[in-house]
Amino acid sequence: METVAPPGWAPGLAVGEDGCARGGSGRAHNFSAGPAMLDTEVMTYIQKNLLNYQGCGMGIHEMSHRDVNGPVAAMMERTSGNVRRLLGVPDNYRVLFFQGGAHGQFAAVPLNLFGKSGKGDYVIGGNWSTKAMNEASKYGEVRAVADTTTNGHTYYAPVDEWDLSDDSAYVHVCTNETVQGLAMHEDPDVGPNRVLVSDMTSSLFSRPVDIKKYGVIYASGGKNLGPAGCCLVIVRDDLLEQSLPQVRRRCLKPSLPFSSHC
Ligand SMILES: Cc1ncc(COP(=O)(O)O)c(C=O)c1O
């Protein structure tokens, strides 16, 4: 037995006996803070192509990713092209896909950028920026240059009040602290001589972004983009070769350098 959803809910929603809200297609509306509901058209396309991707006679999961110009490579090209088009990514930036979610980038960012200066400035807005800073502290010197703990995570101080270093490799922000619910609605301007890095896991594609203000943007798939695990990384060309020597020499995981994903 389904009942009509309470006033204020999206039109056409009904509540099933299990308490889940369902649209006309019978799919549950997922309001979880984790992965969001994916578009029905997208899910239907995936379902249709799972066994036989675009008439190739096999599913995409069964194909080699090393097949130059093959279906997997073409799909990756198309996806990065779509990201470029939707976000207006300038030509001097790479659009890359990593495994390991945003947690992987908490380490990959310092390891890839600490080559010239082993210092990182972190703007702390809640859980995720704190985790990012703690991870980076394993590879260099990190400092909280602003911290919303003092105001109960209710607002970010303006950039000119951040205690920025003159010699840090980058300034790291999280444009939406998913747990505390604290968001930056504008792209911070740290000036042309500083590299701005942002965790945009729960904000990318929710508003226009001025990409050229950033050196690196990363967004784990498991929030705004789709399934968890994959991480989208947008990095400016000049930052591809600023990694720590052990990363350059591939002493650490060979998949870690930004440049190995280009
Ligand atoms: C802002 C933000 N950063 C990082 C993460 C961690 O992402 P992952 O679990 O994919 O590493 C999340 C959510 O889980 C998040 O909301």
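What follows draws every value from the coordinates through simple rules; no lab data is involved. In this text the structure is predicted, and so the values were computed from the model without any measurement. With ideal geometry, Cβ positions are generated from the backbone for all residues, glycine too; neighbour counts draw on all protein chains shown.
Dipole orientation for the chain: of the candidates SER260, SER137, GLY118, SER260 has the Cα lying most toward the positive pole (charges on Cβ; Lys, Arg +1; Asp, Glu -1). What you get for the chain, charging only the Cβ of Lys and Arg (+1) and of Asp and Glu (-1), is a dipole of about 840 debye around the Cα centre.
To the nearest 10 degrees, how steep is helix 101-113 against the longest Cα principal axis of the chain, on a 0 to 90 scale? Result, in degrees: 20.
Straight-line cross-link partners of LYS138 among the aspartates and glutamates, defined as a Cα under 17 Å from its Cα and at least 8 positions apart when in the same chain: ASP121. Summary of packing: across the peptides 163-169, 241-247, 173-179, the per-residue average of other C-beta atoms within 10 Å ranks them, highest first, as 173-179, 241-247, 163-169. Sites counted here are chymotrypsin sites (Phe, Trp or Tyr not before Pro) in a DSSP loop (not H, G, I, E or B) having no more than 11 other Cβ atoms within 10 Å; the longest part of the chain that contains none of them is 32-154. Sorted ascending by nearby beta carbons within 10 Å, beginning with the fewest, SER203, SER64 become SER64, SER203.
Calculated [222 nm] ellipticity per residue, helices only, for the chain: -6000 deg cm²/dmol; basis is -39500 (n - 2.57) per DSSP H run with n ≥ 4, divided by all residues, nearest 500. Just to confirm a number: summing +1 for Lys and Arg and -1 for Asp and Glu over residues other than ALA157 whose beta-carbon lies under 13 angstrom from that of ALA157, what do you get? Overall, the nearby charge balance is -4. Measuring how big region 71-261 is from its alpha-carbon positions, Rg and Dmax come out at 15.6, 51 Å. The DSSP beta bridges internal to region 71-261 are antiparallel in roughly 45% of cases.
Candidate cross-link partners of LYS212 among the lysines, defined by an alpha-carbon separation under 27 Å and a same-chain spacing of 8 or more, comprise LYS116, LYS119, LYS131, LYS223. Between ASP238 and ASP210, the simple label model (points 7 Å from Cα in the Cβ direction) yields a spacing of 1.8 nm.
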